[in-house]
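Peer 1: This is the structure I have questions about; it appears just below.
The values are calculated or read from the model by the stated rules, or taken from the named source; none is laboratory data. Since this is a predicted model, take the numbers as computed values, not measurements. Cβ coordinates were reconstructed from backbone atoms using ideal geometry, including for glycine residues, and neighbour counts include every protein chain displayed.
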Amino acid sequence: MTSRISPLAQVDPQAQLGSDVEIGPFCVVGPDVVLGAGCVLHSNVVIVGHTTVGERNRFFPGAVIGGEPQDFCYQGGPTRVEIGDDNLFREGVTVNRGADKEDGVTRIGNRNFLMANSHVAHNCHVFNNTILTNGVLLGGHVHVHDYAIVSGNSAVHHFTTLGTGSFVGGMCRIVQDVPPYMLSANADNPEVVTINVVGMRRRGISETAIACVRRAFKLMYREHKRLSEIREILIAETEGVLPIELMTLLNFVEWSAKGKNGRGREAFRNQPAAAEVERRAA
């Protein structure tokens, strides 16, 4: 189908538009933008920079995608934003392109819901099926894994990782990784308080797996046992058959302890993006 572009929109002729794209009045689309089939830009949407957008994404008024990173170290390199399919960007959402660090890319996967005035900073990676509620702020290099939910006006410190199926309560300041399937609450001093049992059941996770994750939570946060002890206990209790959800949780905690998640990635802070390395070598 033919794309529908308002005569009041400013679309650079070099921009690449898929079929059936709809662009409303007062939108701006830059020359290095790629929009997949079926994307809809309501009025006053700005998409600039080296930004690639998949199919069937919807952008509401005031969204700004691909703007320069808010990073003093940024030197104008060809960093990017990569967005998958079927995402929803509500009013006032901002997604900054990558800084000249790590691989220089800000990534958003598929089927994510970014509510009004949420912000995704440079070099973040938002995986799939996540929800960022109104006013959520992600600092640079934050990773939000599949099915994670961040409630309204919460701020996530840079280099933090939110695990699969985790839940962050409203107005929290998250400065440490939140493990998979855990629920973090208490705004001024957030901590893991229980498991996200509602989210797990909504995804159809078995009651057996939920019970195992709950048992692991109690061993970690109530009895404060070491990870090696927790593994031994759970292997014995499950006769060696650990549900995948439990393995995901235990591996995440182990990787965080080894600096492979969250703040451990801060070692990349001063490493230039791959594109910049290539430019310097040329």
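Peer 1: Quick one: in the stretch 56-111, of everything that is closer than 13 Å to Val46 by Cα, under 15 Å from the mean Cα position of the chain (by Cα) and among the hydrophobic types (A, V, I, L, M, F, W, C), which residue is surrounded by the most Cβ atoms within 10 Å (Cβ to Cβ)?
Peer 2: Of everything passing the filter in the stretch 56-111, Phe89 is surrounded by the most Cβ atoms within 10 Å (Cβ to Cβ).
Each row is one residue, and each column tells you yes or no for (1) β-branched (Val, Ile, Thr); (2) outside any loop (DSSP other than H, G, I, E, B); (3) touching a Pro at 6+ places or on another chain (Cβ under 8 Å).
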residue: Leu8; (1), (2), (3): no, no, yes
residue: Ile65; (1), (2), (3): yes, yes, no
residue: Gln75; (1), (2), (3): no, no, no
residue: Pro78; (1), (2), (3): no, no, no
residue: Val81; (1), (2), (3): yes, yes, no
residue: Glu91; (1), (2), (3): no, no, yes
residue: Asp103; (1), (2), (3): no, no, no
residue: Arg107; (1), (2), (3): no, yes, no
residue: Asn117; (1), (2), (3): no, no, no
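Peer 1: Can I ask one more? Condition first: under 15 Å from Val95 (Cβ atoms), aliphatic (A, V, I, L, M) and not in a strand (DSSP E or B). Now tell me which residues in the stretch 35-63 satisfy that.
Peer 2: Answer for the stretch 35-63, where residues must be under 15 Å from Val95 (Cβ atoms), aliphatic (A, V, I, L, M) and not in a strand (DSSP E or B): Val45, Val48, Ala63.
Peer 1: Give the stretch 126-148 a look and list any residue that's surrounded by fewer than 22 Cβ atoms within 10 Å (Cβ to Cβ) and closer than 16 Å to Pro180 by Cα, or say none. Full working, then the answer.
Peer 2: Step one: of the stretch 126-148, the residues surrounded by fewer than 22 Cβ atoms within 10 Å (Cβ to Cβ) are 127-129, 131, 133-135, 137, 139, 146.
Answer for the stretch 126-148, where residues must be surrounded by fewer than 22 Cβ atoms within 10 Å (Cβ to Cβ) and closer than 16 Å to Pro180 by Cα: Phe127, Asn128, Asn129, Ile131, Asp146.
Peer 1: With respect to Arg265, determine if the residue is closer than 29 Å to Met171 by Cβ, surrounded by 17 or more Cβ atoms within 10 Å (Cβ to Cβ) and of a type in the set (D, E, K, R).
Peer 2: Working: closer than 29 Å to Met171 by Cβ: yes; surrounded by 17 or more Cβ atoms within 10 Å (Cβ to Cβ): yes; of a type in the set (D, E, K, R): yes.
Yes, satisfied.
Peer 1: Looking only at helices (runs of 4 or more DSSP H) that lie completely in the stretch 163-271, which have at least 1 residues being farther than 21 Å from Thr130 by Cα? Walk me through how you get there before you give the answer.
Peer 2: Working: elements: 197-202, 207-217, 227-237, 244-257.
Answer list for the stretch 163-271: 207-217, 227-237, 244-257.
Peer 1: For Val93, which of the numbered conditions (1) in contact with a Ser or Thr (Cβ under 7 Å, 6 or more places away or on another chain); (2) within 21 Å of Ser3 (Cα to Cα); (3) hydrophobic (A, V, I, L, M, F, W, C) fails to hold?
Peer 2: (2)
Peer 1: Among the numbered criteria (1) modelled with pLDDT of 95 or more; (2) in contact with a helix residue (DSSP H, G or I) (Cβ under 9 Å, 6 or more places away or on another chain), which single criterion is violated by Met115?
Peer 2: In the conditions (1) modelled with pLDDT of 95 or more; (2) in contact with a helix residue (DSSP H, G or I) (Cβ under 9 Å, 6 or more places away or on another chain), Met115 misses (2) alone.
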